[in-house]
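The values are calculated or read from the model by the stated rules, or taken from the named source; none is laboratory data. This one's a predicted model, so the numbers in the text were calculated from it and none came from an experiment. Quick reminder, even Gly has a Cβ in these numbers, built from the backbone with ideal geometry, and neighbours come from all protein chains shown.
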Amino acid sequence: MDVFAHALWSTAGGIAARRKWHWRIHLGWLAAWSVFPDLVVFGIPAAVRIGRFLSGTSKTLLPDGSGPRFDWAFGIYNVTHSAVVWAVCFGAVWLAARRPVVEMLGWALHIAIDIFTHTGIFAIQFLWPLSSVHFEGIRWETPWFLALTYAALAAVFLVLWVGARKAAPASRCAENWIKTYR
């Protein structure tokens, strides 16, 4: 899944959890945790390539063979996309904060989605380092699947919006919608 879809799915889940269970969830942190696994892995190489392009060192943002190699990113990819690593981090933060930091569930949702939407070298080894087991899913960038993903997101947010309107009088609908995203 692309980073925008990860952020949107986690935000939709956070809004639903707020409404159903009255959880206190900061949606911004939830979205940040949902893109964390990809930003850690791809953020540094992207920043270096953009920097090389802007400085004139490279005429393209694509690797031209003369720049730095980012083979280490694949090792970090397994770490950030592991449910085992997530569980250890979640438990450690829970102990440190003395409460579950539910916003970190965005990271768990990211892993769960990627298990079924990645294939090939990016297939998620979700039990790493205990196992290299993975599932050959569908490529998230497949045009029809990408269109379906964003159509589903639009439908989910429409349902959330309609639910917010029904829950509040018409005069307070906009106010409640803003509170939901704060």
Filter result for GLY106 (in contact with a Ser or Thr (Cβ under 9 Å, 6 or more places away or on another chain), under 17 Å from HIS6 (Cα atoms), modelled with pLDDT under 95 and not polar (S, T, N, Q)): no
Some residue of segment 101-122 being in a loop (DSSP other than H, G, I, E, B) and surrounded by 19 or more Cβ atoms within 10 Å (Cβ to Cβ): yes
Conditions (1) out of contact with any Ser or Thr (no Cβ under 6 Å at 6 or more places or on another chain); (2) in contact (Cβ under 8 Å) with a residue 40 or more places away in the chain; (3) of a type outside the set (Ser, Thr, Tyr): number failed by GLN125: (1)
